[in-house]
Amino acid sequence: MKLRESGMPEEAYWETLFDVPLILDRLGIDARLENVVELGCGYGTFTIPVARRIAGVLTTFDIDGGMIERTRHRAAAAGARNVLYVVRDVFADGFGGEAGSKDASLLFNILQCEEPLRLLAEGARVVRPGGAVLVIHWRYDPATPRGPNLEIRPRPEQIAGWAEETGLLEAEGPVIDLPPWHYGLRLQRGKSEASA
Ligand SMILES: C[S@@+](CC[C@H](N)C(=O)[O-])C[C@H]1O[C@@H](n2cnc3c(N)ncnc32)[C@H](O)[C@@H]1O
């Protein structure tokens, strides 16, 4: 199922809406991360810069084969070879792969979806203890130039609450300001249930 309000405007416009290096810096996405998964590559706005920073492989998923092809094409042009591409409905079928096998999972601009807790739990499942689910979303502010309807747009404290409800994650540090229009959260997978 394509998640609600997960459509995108035209690529060039979409990419004016983010300061990608600032976002990746503030979320701590760098060579300390090895293997990472991403839900929804879209145009590859984050896929390619993330792949260039991490030490391992970024596996990116999208339900829309056109988005996967666009990202694959851009990544090839940029020389980013450490990306695996999967056309899949992650809501229905999850990320696959072994539990606890990734350093991070990325849920960017997607938690306005029907069952955010389910996606957070799946993001947590694939992350190793001590790893993190990294989230960005549109500020809860009618002045934002895009973003889901405010009725379904999550506030940061809601996301932190859902994360805790998974029983696997807790918010690490304060809400991260990602100007001009976004905020971020690092949701750490607890080390205490390492062998659970
Ligand atoms: C709002 S876009 C965000 C793309 C990217 N994360 C970004 O921030 O630039 C959401 C993406 O998720 C994809 N998507 C929607 N439902 C999905 C699902 N059930 N499984 C996998 N991908 C999905 C859409 O096709 C779209 O490319």
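Here is how the numbers come out for the structure above:
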| item | result |
| --- | --- |
| Highest-first arrangement of 95-107, 8-20, where packing means the average Cβ count within 10 Å | 95-107, 8-20 |
| Residue-normalised accessible area of the chain, expressed per residue, 1.4 Å probe, Å² | 45 |
| For peptides 35-41, 58-64, sequence by mean Cβ density within 10 Å, most packed first | 35-41, 58-64 |
| Ordering of 113-122, 81-90 by packing [mean C-beta count within 10 Å, highest first] | 113-122, 81-90 |
| Amide N proximity, region 164-184 versus D141 label position 7 Å along Cα-to-Cβ, cut-off under 19 Å | 174-184 |
| Theoretical gain in end-to-end length, D25 to A78 [0.36 nm per residue, Cα-Cα removed] | 17.1 nm |
| Theoretical gain in end-to-end length, I152 to R53 [0.36 nm per residue, Cα-Cα removed] | 32.4 nm |
| Calculated [θ] (222 nm, deg cm²/dmol) that DSSP helices of n ≥ 4 give over the chain, each run adding -39,500 (n - 2.57) | -8000 deg cm²/dmol |
| Cα convex hull of the chain - mean projected area over all directions, nm² | 10.0 |
| Under the span-like rule (Cα at least 18 Å along the axis, Kyte-Doolittle mean at least -1.0), DSSP H helices of the chain | 65-78 |
| Accessible surface of the chain, 1.4 Å probe, proportion on carbon and sulfur as whole % | 50 |
| Antiparallel %, DSSP beta bridges [both residues in the chain], to 5 | 40 |
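The values are calculated or read from the model by the stated rules, or taken from the named source; none is laboratory data. Predicted model only: the values in this text are computed from it and were never measured. Every residue, glycine as well, gets a Cβ built from its backbone with ideal geometry; the counts of neighbours run over all protein chains shown. What goes into the accessible areas is simple: the full protein's heavy atoms, side chains included, and nothing from ligands, DNA or RNA. Shrake-Rupley method; radii C 1.70, N 1.55, O 1.52, S 1.80 Å.
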